[in-house]
Amino acid sequence: MIKRALTIGGSDSGGGAGIQADIKTFSAFAVYGMSVLTAVTAQNSLNVNGITGIPPQFVSLQFESVLTDIGIDGVKTGMLFNAEIVQTVAQKLNENHIPLVVVDPVMRSKSGDILLENRGVDLLMEKLIPLATLLTPNIPEAEMLSGVPIRTDEDITTAAKKIHDLGCKAVLIKGGHRRGNATDILFDGVEFSKFTAPRIDTQNTHGTGCTYSAAILANLIKGKNLRDAIRLSKWFVTEAIKHAFPLGKGHGPLNHFIRIEK
Ligand code: PLP
């Protein structure tokens, strides 16, 4: 039977990030994609022009609707918008013992807009991160979650340990915001692993984080181990950036239609 992946996150009207990127990514890996919307953004490649949150009870109802009929093999969370939604999502995941949970702790967009209010960050740390199979912060998010300002490789190691102490099984700190190669560091509580790809000089990187975490979830659901799932997803994101579509006047979207050897 086809595997079923659920993304819990925000809609990007421009189609580059959020649940649109996630469902394209699930499809690229031949996994069936479903969505629970937490917020709707009015955005394009330049700006987020507006955000409206979905009432938490309606977030719950969407989750119940897919769970009770279609079933869920794994979940990724993206933009959660506010504390009430974080609380609702954590409760649903906890009650229903979802086996694979990838948490992308989305806080701001590339344009600087707030995608998770501050009170939501506290609840994310307390309630949602302990449920995560994998947490995928970028550097600013890792700094926020660990309280460690990150400048050196050693800072990443320190931050990774502090974040792991919040209760997730593993944390992948993504190096996209640093200079040089794009190197991500995984810590699973026992050992550190590095995943490196060349940095691509382009501004078409909108939705990179969403795509990466969705690809990891799809591969975990298909039975890959964590390191293989990350390796393949990193390759996918790198190729999707390399062949990105120059759409819009700002940060264009990735190309999710690249060929994947099965
Ligand atoms: N919009 C939504 C709905 C998102 O979920 C995200 C990121 O997760 C973004 C925008 C931000 O994407 P980017 O930082 O690539 O512009």
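Each value in this text was obtained by applying a stated rule to the coordinates, not by laboratory testing. Being a predicted model, the structure only gives us computed values, none of them experimental. Positions of Cβ are backbone-derived with ideal geometry, glycine not excepted, and every protein chain shown enters the neighbour counts.
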A student asked for the Cα radius of gyration and Dmax of segment 1-107 in angstrom ought to give 13.3, 40
With the chain treated as a Gaussian network of Cα nodes joined by springs under 10 Å, which of Pro105, Pro56, Pro137 yields the largest mean-square fluctuation? Pro56
Per the C-alpha gyration tensor (a ≥ b ≥ c, the square roots of its eigenvalues), the chain is rounded if a/c is under 1.5, else prolate if a/b beats b/c, else oblate; here it's rounded
Reachable aspartates and glutamates from Lys127, Cα under 12 Å, same-chain residues fewer than 8 places away excluded? Glu84
So what's Rg/Rh here for segment 167-262, counting alpha carbon atoms and using the Kirkwood radius for Rh? 0.98
Counting only DSSP beta bridges with both residues in the chain, tell me the antiparallel percent, nearest 5. 40 percent
In whole angstrom, note down how far apart the Cα centers of segment 127-150 and segment 1-71 are. 21 Å
Of His177, His251, His206, which is the most mobile in a GNM of the chain whose springs link Cα atoms less than 10 angstrom apart? His177
Which whole-Hz ³J(HN,Hα) couplings does segment 11-22 yield from phi under the Karplus relation 6.51 cos²θ - 1.76 cosθ + 1.60, θ = phi - 60°, glycine and proline marked x? 8, 10, 4, x, x, x, 10, x, 5, 5, 5, 5
Cα extents of segment 41-152 along the principal axes, largest first, in whole Å, come to 45, 33, 23
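Do any of Lys194/Lys242; Lys92/Lys169; Lys3/Lys194; Lys161/Lys242 go past 30 Å between their Cα atoms, and which? Walk me through the numbers before you get to the answer.
Working: Lys194/Lys242 21 Å; Lys92/Lys169 19 Å; Lys3/Lys194 28 Å; Lys161/Lys242 32 Å.
Too far apart for the 30 Å limit: Lys161/Lys242.
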To the nearest 500 deg cm²/dmol, what mean residue ellipticity at 222 nm is calculated for the chain from DSSP H runs of n ≥ 4 alone, each contributing -39,500 (n - 2.57), summed and divided by the residues? -11000 deg cm²/dmol
Taking K and R as +1 and D and E as -1, what net charge do the other residues with C-beta under 14 Å from the C-beta of Ile163 add up to? -4
